[in-house]
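This report concerns only the one structure given below.
Please treat every number below as a calculation from the coordinates, not as lab data. The structure displayed is predicted, hence computed values, not measured ones. Please note: Cβ atoms are built from the backbone with ideal geometry, for glycine as well, and neighbour counts cover all protein chains shown.
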Amino acid sequence: MTKEEVLVLSNRLPNWILKGALGAFLSLALAACSENLTGALGCPELCQDQSALLRDTTLTGVLVVDTVVSGFPVQNAAKDFTLLSQGADGDIRVVFRFDTLGGETFRHPNASVDSAVTRVLDPQIHFSVDTSYGKLTAPLTVDAYDVDTTAADSLTQALVPLFRPDRLIGSATFASIAITDTLAIPIDTAIVRAKAVAGARLRVGLRIRGTSPDRLRIAGSNYVPRLTYRVTPDTIVPTDTIAVTSRTPSDNAAIASLYSAYAIIVAGALPAPASDVLAVGGISGARTFLRFNVPAILIDSVQVVRASLLLTQLPSRVQARNADTIAILANPVLAGAQVTDLNLLLQLTGAGSLVGVDSVRMVPKDAGLRSVELVNLFRVWRGIGEANSIRAIVLRAKQEGSSPAELNFVSNDGPAAQAPRLQITYVPRRGFGLP
Amino acid sequence: MMQRALTSSFVCLALLSLPALGRAQGTLSTQGFGYPTGEMSTRALGAGGSTSDFDAFSSTNPASIAASLGSMVYVQVEPEYRNLTKDGGNSQRNVIARHPLATLSVQIRPNLFGGVSVSNFLDRSFETQERRSTVIADTALATTNTFKSDGAIGDTRVGLAWTPTSWVRLGVAGHVISGSNRLRSTEAFDDSTRFAAIADTQTVTYVGSALSAGVQLFAGQVAAFAVSYRKGNSMSVKHQDTTLTTASVPNALSLSAAFIGIKGTMLAVRTQRNDWTRMEGLGSDSLPITNSWDTSVGADVLGPHVGSHVLQIRAGGRWRTLPFGLSNSEIKEKTFNAGLGTLLAGGRLGVDVAGIRAIRTPVSNVVPFRESAWTMSFGVTVRP
């Protein structure tokens, strides 16, 4: 290295050092913008205790309305159905309407024109089963009946007599382990062919039977029930598939569509309980409407930590399935004060889970004090004026109309000591944070 | 909060970054209304803070604005790496980002200078988390409590410095002492099924003012002396439009002496008396506040040439009692400081670096905590 090169290098070196130092400075300066502040070691000695002072109170007579209304889910509004076979305790059947049967054509392979359907092979009704609903322990048979009638077949009393042996058009027995997803019930070929050729409607009623009281949940919302059959032995021709469809009443397509599949309660629906008893669940699908008169200060001016609806549970008036665990939901009513129609209020509800209200599991035969936690609902109410959302909830079974099991509670008309009440724990407004 | 935001924005816009500022409580150093950063520049901190009354970038003495000798912008960043140790061996580390000082000086006339500085007066940002138990009716419930404070009390100083002769500099300044703490307290119950968490948010603001005046005297080329005094006016804490409490901004008197007989070198000693107890009444009655001395010695000497650049080498030490202690003990802080500085770009860009080792200890032995920290201070000066 020459002397000149050394001089050049010695002149450049400090610049590189200083530039590097400047770069390091900027990097560290940027790093200084992030931090880790959280500490626990110094507490409690070096920390201020910011714990809130909690107050606890129990509000009695806080319910201004407590009413039981049955008939849920609203008939035909549901897509999922429970077939129930528990004798007088509960008998629920399902009707599928295939009103668009007939009139189809198909094309043979290599043919240039369509052919009319003259044959029907291997007709089956398919529907999906909700296996999470309950595990079957014994074989179960599903019977299919031709329930087509010129009578008003939306009425239970008109349909029930049609579930008789001479109208049996299909049946299948399934081992409990075989019921996993979708079931197929073979239907009488002659019946389907006759209706298909004639362009007549096919209306099928399903009921189950087994060696023990059983139930089967049809998940119609996931998989539309359908009828399938082949029109020729040639497997190149696709299978004909007809989804449940109703064309009656003919003058109202919206209502007709509600009747494409629907349940009929044959037995087990109980009348409303006495006025001193609240009911949730059962074959009749009872819901309890509760409207509170909560002091405004507890919603608007303090921070509620706990809001427990305390209910005194009574042994269920229904003996059947009273050892089953029932999950009940507390759904908030979303209607404003201007809505006063109870049936409408019962339908204008939101899911409790959306506002952080958990379901509660209870056993119908049990008795004692039960708690439904509503604290998160109180906090939602705080953000919504009472004019926009009345302070009311609806207690309902998670799976309505699918079990005889019914939960009963003491109502406001019952003994005062057992009447529903609210236990509130709250934090009054406070100042905090100054050292 | 305003001060904190202003300072932060000033620095981080320059860095093309948006930082969050804060300190941790649950430590020895940030009790009460927070940690007093001292309003000193990196250059002064490198010398233990002893030269701050002569330093144009620091905001302790308005007469020193004249030391800027022209117009300039100065920003400073100061990450701190803190370690809290509990007797018995447990320790906790925190990283705290600080942007404690930004200064703008302009030369109005040949012997008249104006300056605006935004500095952290008391920093109170922290987050603590602890387990506690609370009783509802007759049931004890375990909770996890988190308390967070974000914000600071800042000092915005607008000052003028006049140099009537070569051996004297005079300065006056007005201070707006303002800021805010955004506070959040949460209390989460272990039994979250029945009990919802308690969450409170509150913002308190601080508003106060002060006036300060200072003088620097030079005895030839040998010695320099500086005196400054800040007279605090009223200071209040507000929540929204409501004044919660009122007290006063602390007065402060600082005295400095320096030997400048060697070219490019300053050997200085400084002490400052802070009447922190004038803040009594802003917080709770039980808040322990101590009037304290803040004393430092240090040297800022001309170092070696690196290429065409001249290095300044600095070292010093500082002793003080922190204003906000514990109910059973005051907190002492000692720092050992060292720093470097140089000019780049033909003197238009100044870069200063300082390393600070702080030891904070309670006076009383009954407090089972010790705290130490490494702070890196970086200052950049830009002259047009």
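Mind checking the range B:137-173 for chymotrypsin sites (Phe, Trp or Tyr not before Pro) that DSSP puts in a loop (not H, G, I, E or B) and that have at most 13 other Cβ atoms within 10 Å? Could the numbers behind the result be given before it?
On the way: sites: B:PHE147, B:TRP162, B:TRP167; in loops: B:TRP167.
For chymotrypsin sites (Phe, Trp or Tyr not before Pro) across the range B:137-173 that sit outside H, G, I, E and B with at most 13 neighbouring Cβ atoms in 10 Å, the list reads B:TRP167.
Taking the Cα centroid of the range B:319-350 and of the range A:239-293, what is the distance between the two, rounded to the nearest whole Å?
Spelled out, the Cα-based centre of one part sits 77 Å from the other.
Kyte-Doolittle cut-off 0.5, length cut-off 18 Å along the helix's own axis using Cα: show which whole DSSP H helices in chain A pass.
Details: long enough: A:3-31 (42 Å, 0.76).
Flagged H segments are A:3-31.
What aspartates and glutamates does B:LYS148 reach when the alpha-carbon gap must be under 18 Å and sequence neighbours fewer than 8 apart in one chain are set aside?
Straight-distance partners of B:LYS148: A:GLU35, A:GLU45, A:ASP49, B:ASP123, B:GLU127, B:GLU130, B:GLU187, B:ASP200.
Whole-Hz Karplus ³J(HN,Hα) for the range A:78-91, in order, using 6.51 cos²θ - 1.76 cosθ + 1.60 and θ = phi - 60°, x for Gly and Pro?
8, 10, 9, 9, 10, 7, 10, 9, 10, x, 5, 6, x, 9
What's the Kirkwood radius of chain A in Å, using all Cα pairs?
On the way: mean 1/r = 0.0374 Å⁻¹.
For chain A, the Kirkwood estimate is 26.8 Å.
Given the peptides A:106-116, A:262-272, A:236-246, arrange them by the average over their residues of other C-beta atoms within 10 Å, most packed first. List each step's numbers first, then the result.
Details: A:106-116: 10.3, A:262-272: 17.9, A:236-246: 15.8.
With the highest mean Cβ count within 10 Å placed first, the list reads A:262-272, A:236-246, A:106-116.
So if R0 is 60 Å, what FRET efficiency would B:LEU255 and B:THR201 give, r being the distance between their Cβ atoms, rounded to the nearest 0.05?
On the way: r = 44 Å, r/R0 = 0.73.
Efficiency computed from Cβ-Cβ geometry: 0.85.
Measure out, as a whole number of angstrom, how far apart the alpha-carbon centroids of the range A:295-327 and the range A:98-113 sit.
The two parts, judged by their Cα centres, are 58 Å apart.
I want to make sure I understand the PRE zone here: with the label point 7 angstrom from the Cα of A:ALA111 toward its beta carbon, which residues in the range A:226-244 have backbone N atoms less than 15 Å away?
A:230-240
As an exercise, use a Förster radius of 56 Å and the Cβ-Cβ distance of B:TRP293 and A:ILE384 to find the FRET efficiency, rounded to the nearest 0.05. Each step should come with its number before you reach the end.
Working: r = 58 Å, r/R0 = 1.03.
Efficiency at R0 = 56 Å is approximately 0.45.
Which aspartates and glutamates have a Cα less than 18 Å from the Cα of B:LYS263, not counting those fewer than 8 places away in the same chain?
Correct list for B:LYS263: B:ASP55, B:ASP300.
Can you tell me how much longer the chain between B:THR265 and B:VAL95 gets when fully stretched, taken as 0.36 nm per residue apart minus their C-alpha distance, in nm with one decimal?
Numbers: separation 170, 0.36 × 170 = 61.20 nm, distance 3.38 nm.
Difference between extended and current length: 57.8 nm.
Assuming R0 = 25 Å, can you tell me the calculated FRET efficiency for the pair A:THR228 and A:ASP166, based on Cβ-Cβ distance, to the nearest 0.05? Each step should come with its number before you reach the end.
Details: r = 25 Å, r/R0 = 1.00.
The computed FRET efficiency comes out at 0.50.
Looking at chain A, how many pairs of lysines come closer than 28 Å at the Cα, when each pair is eight or more places apart or spans two chains?
Numbers: A:LYS3/A:LYS19; A:LYS79/A:LYS135; A:LYS79/A:LYS195; A:LYS79/A:LYS398; A:LYS135/A:LYS365; A:LYS135/A:LYS398; A:LYS365/A:LYS398.
Lysine pairs, 8 or more places apart or on different chains, close enough: 7.
For the range A:284-299, just list the computed ³J(HN,Hα) in residue order, Karplus coefficients 6.51, -1.76 and 1.60, θ = phi - 60°, integers in Hz, with x standing in for Gly and Pro.
Couplings: 6, x, 7, 10, 10, 9, 10, 10, 9, 10, 8, x, 4, 4, 6, 9 Hz.
Can you give the mean number of other chain Cβ atoms that lie within 10 Å of the Cβ atoms in peptide B:192-204? Walk me through the numbers before you get to the answer.
Working: counts 2, 5, 9, 9, 12, 3, 10, 4, 9, 2, 5, 1, 4.
That average works out to 6.
Give me the compactness ratio for the range A:203-321, meaning the Cα radius of gyration over 2.2 N^0.38 Å. Write out the running numbers ahead of the final one.
Numbers: Rg = 23.8 Å, N = 119, 2.2 N^0.38 = 13.5 Å.
In units of the globular-protein estimate, the range A:203-321 measures up at 1.76.
Pop out the ³J(HN,Hα) list for the range B:63-78 in order, Karplus 6.51 cos²θ - 1.76 cosθ + 1.60 with θ = phi - 60°, rounded to Hz; leave Gly and Pro as x.
So the Karplus estimates, Gly and Pro as x, are 5, 6, 4, 5, 6, 5, 6, x, 9, 6, 10, 10, 10, 9, 10, 8 Hz.
Only Lys, Arg, Asp and Glu count, each charged at its Cβ (+1, +1, -1, -1), so figure out the dipole size of chain B about its Cα centre, rounded to 20 debye. Before the final figure, lay out the partial values.
Numbers: 34 positive and 26 negative charges, 190 e Å.
The dipole of chain B has a size of about 920 debye.
Test of understanding: given chain A, find the longest segment containing no GluC sites (Glu not before Pro) that are in a DSSP loop and have at most 16 other Cβ atoms within 10 Å. Working shown, then result.
Working: sites that count: A:GLU45, A:GLU104, A:GLU386.
After excluding every exposed loop site, the longest remaining stretch is A:105-385.
In the range A:312-328, whose amide N lies under 19 Å from the spot 7 Å out along Cα-to-Cβ of A:ASP358? List them in ranges.
Of the residues in the range A:312-328, A:325-328 have backbone N under 19 Å from the label point off A:ASP358.
Could you name the lysines whose alpha carbon sits less than 27 Å from that of B:LYS334, not counting residues in the same chain fewer than 8 places away?
Counting by Cα, and skipping residues close in sequence, B:LYS334 has these lysines nearby: B:LYS86, B:LYS231.
Taking every residue in B:126-133, how many Cβ atoms of other protein chains lie within 10 Å of its Cβ, on average?
Details: counts 5, 6, 12, 5, 10, 3, 6, 1.
Neighbouring Cβ atoms belonging to other protein chains average 6 per residue here.
Principal axes first, then extents: for the Cα atoms of the protein assembly as shown, list largest minus smallest coordinate on each axis, whole Å, largest first.
Extents along the principal axes, in whole Å: 127, 80, 51.
Is it possible to state the helix-based mean residue ellipticity at 222 nm for the protein assembly as shown, with each DSSP H run of 4+ residues giving -39500 (n - 2.57), the sum divided by total residues, to the nearest 500 deg cm²/dmol? What is it? Present the calculation step by step, with values, prior to reporting the outcome.
Working: 9 runs with 87 residues, N = 819.
Counting only the DSSP helices, I get -3000 deg cm²/dmol.
Trypsin sites (Lys or Arg not before Pro), restricted to the range B:193-271: which are DSSP loop and have at most 14 other Cβ atoms within 10 Å? Don't jump to the answer; show the numbers that get you there.
Details: sites: B:ARG194, B:ARG230, B:LYS231, B:LYS238, B:LYS263, B:ARG270; in loops: B:ARG194, B:LYS263.
The qualifying sites are B:LYS263.
State, to one decimal in nm, how far the label point of A:ILE297 lies from the label point of A:LEU342, with both points 7 Å from Cα in the Cβ direction.
Between A:ILE297 and A:LEU342, the simple spin-label model gives 3.3 nm.
Compute the distance in nm between two label points, each set 7 Å from the Cα along the Cα-to-Cβ direction, one at A:ILE255 and one at B:ARG348.
Placing both labels 7 Å along Cα→Cβ, they lie 8.7 nm apart.
Within 10 Å of each Cβ in peptide B:89-102, how many partner chain Cβ atoms are there on average? Round it to a whole number, please. All intermediate terms of the calculation are to be shown ahead of the outcome.
Details: counts 0, 1, 1, 6, 3, 6, 6, 4, 8, 2, 3, 0, 0, 0.
For this peptide, the per-residue mean of nearby foreign Cβ atoms is 3.
If you fit an axis through the alpha-carbon atoms of helix B:2-14 and take the longest principal axis of the Cα set of chain B, what angle between them do you get, 0 to 90°, nearest 10?
Helix B:2-14 sits at roughly 60 degrees to that axis.
Anyone know which of B:ASP200, B:ASP53, B:ASP150 comes out most mobile in the 10 Å Cα GNM of chain B?
Maximum among the listed residues: B:ASP200.
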